[in-house]
1. For n ≥ 4 DSSP H runs only, could you compute -39500 (n - 2.57) per run for the chain, divide by its residues and tell me the 222 nm figure to the nearest 500?
2. Return D84, D162 ranked ascending by Cβ neighbour count within 10 Å, so the fewest neighbours appear first.
3. Which of the trypsin sites (Lys or Arg not before Pro) found in the stretch 63-159 are in a DSSP loop and have at most 13 neighbouring Cβ atoms, other than their own, within 10 Å?
4. What are the residues whose amide H is under 5 Å from the amide H of D18, where those residues sit 5 or more places off or on another chain and H is modelled from the backbone?
5. For the stretch 242-258, in order, what is each residue's ³J(HN,Hα) by Karplus, 6.51 cos²θ - 1.76 cosθ + 1.60 with θ = phi - 60°, in whole Hz (x at glycine and Pro)?
6. Placing +1 on the Cβ of each Lys and Arg and -1 on the Cβ of each Asp and Glu in the chain, which of L386, G305, S213 has its Cα farthest towards the positive end of the resulting dipole?
7. Work out, in µm²/s and without decimals, the Stokes-Einstein translational diffusion coefficient of the chain at 10 °C, 1.306 mPa s, Rh from Kirkwood over C-alpha pairs.
8. How far, in nm, would the chain grow between M253 and D395 when pulled straight, counting 0.36 nm per residue and subtracting the alpha carbon separation?
Amino acid sequence: MEAVRRTVIENCAIATVDAKDTEYASGYLVLAGHRIESLGAGRAPEGLENVVRRIDATGHLATPGLVNTHHHFYQWITRGLATDHNLFDWLVALYPTWARIDEPMVHAAAQGSLAMMARGGVTTAMDHHYVFPRGSGDLSGAVVRAARDMGVRFTLARGSMDRGEKDGGLPPDFAVETLDDALTATEETVREHHDTSCDAMTRIAVAPCSPFSVSTELMRQSAELARGLGIRLHTHGSETVEEEAFCHELFGMGPTDYFESTGWLGEDVWMAHCVHMNDSDIAAFARTGTGVAHCPSSNARLAAGIARVADLLAAGVPVGLGVDGTASNESGELHTELRNALLVNRLGPHREAALTARQALRLGTHGGARVLGRAAEIGSLEPGKLADLVLWRMDTLAHASIADPVAALVLGAAAPVTASFVNGRQIVEEGRLRTADEDGIARATRAQARRLAALAAQG
Ligand SMILES: [Zn+2]
């Protein structure tokens, strides 16, 4: 058997985000193959065999790689549109354009989304894709291929919509699938791409879009399908006051009660947003172990409101962070969500400790891993875990005078990524992708955005 190859990283500050929030002012990490073998204070142990690389990380902070828990990759080519709308008006403005997407567009958009996140410290990405126009090609295959080629760990949440305007839903009828088509295609996607192994690079989740675009029957049957296959469940929930009113009008109850009535609360479920939650909704999430993808920038961009993250955490609800689609968060970066989560949750008097810098880092790493059901393998720096980690440069003008590296990462300017590892493989070096051509991706996304705009203009 071939000896395992070791990489030694030394002389950096380390925020492990383990259960005790262990930190080292100056420490080391040893990566063996695709796992973390050891870490600690001071220099690496002498006498390690088969060390193929030593990295002097002086001036850096090492953290677990960031984990994104909510996104819509295809929106990369519809950024900067409907910039002053609330959620429902924004969706109605964009659905006709989104209904024209095809496989080359989705592949380029996925590359753009993934590249932007990866070079900013994301090691685990997710895509909630729910627009499947008839005859548009293999959209799920396109995003899985983009993530695999870039070397990013990935969850594809295979979405669906079957409640068009004629059934009281928000999307136009031409943008939705039938219930049967959605379930059949979802099951095929699971069988083709879902990897059950503990070091999986690709996982699939079952993800009907939202109460206002999905029939109650599709919600129910999606939950049954997912549980039959042992797959996680994802959807949007409690995002806006308009959604709350919609649920009361159509179902005679609020969103959380509606989710519970359709089998959609449980420790195998995570939901994006969860902004409009009362105390009993939060208690229901805590009781059932339902997770939350907090998306502060998107919630601000669409004037949705502020999720009660401090209350969710105090109740024991698993919470991760999400970029959300880049049509409602044009930056497409997750590290800025650490800062924005902290800032928006402090808005209001006497909220100065609502979310600390370390809690924000935890949301973006271990919290995200929990929400995706992968906390045993990723989300913290601990011996035996998968080697998904980032070296943030902290000794330049932007950060050198900030006393505490974790505060510098969360509160300071976006920190440069010197190196990012996924599964032990370095995918970012000095802020540039090693696994893809960023300039080529920029050209491809521009070309596909123009193609889509031209198709949409034809009506
Ligand atoms: Zn979303």
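Quick note: the coordinates plus some simple rules give every number you see, no bench work behind them. Quick caveat, the model's predicted, so the values are computed rather than measured. Every residue, glycine among them, receives a Cβ derived from its backbone with ideal geometry; neighbour counts consider all protein chains shown.
1. On the way: 15 runs with 159 residues, N = 459.
Dividing the helical sum by the residues of the chain leaves -10500 deg cm²/dmol.
2. Values: D84 8, D162 23.
Final ranking by Cβ density, sparse to dense: D84, D162.
3. Numbers: sites: R79, R100, R119, R134, R145, R148, R153, R158; in loops: R79, R100, R119, R134.
For trypsin sites (Lys or Arg not before Pro) across the stretch 63-159 that sit outside H, G, I, E and B with at most 13 neighbouring Cβ atoms in 10 Å, the list reads R134.
4. When sequence neighbours closer than 5 places are left aside, the close amide H contacts are L381.
5. Each residue's phi maps through the Karplus curve to give 5, 5, 4, 5, 4, 5, 4, 6, 7, 10, x, 7, x, x, 5, 5, 5 Hz.
6. In the chain, that residue is L386.
7. Working: Rh = 22.2 Å.
Translational D for this selection: 72 µm²/s.
8. Numbers: separation 142, 0.36 × 142 = 51.12 nm, distance 5.31 nm.
Gain in length upon complete extension: 45.8 nm.
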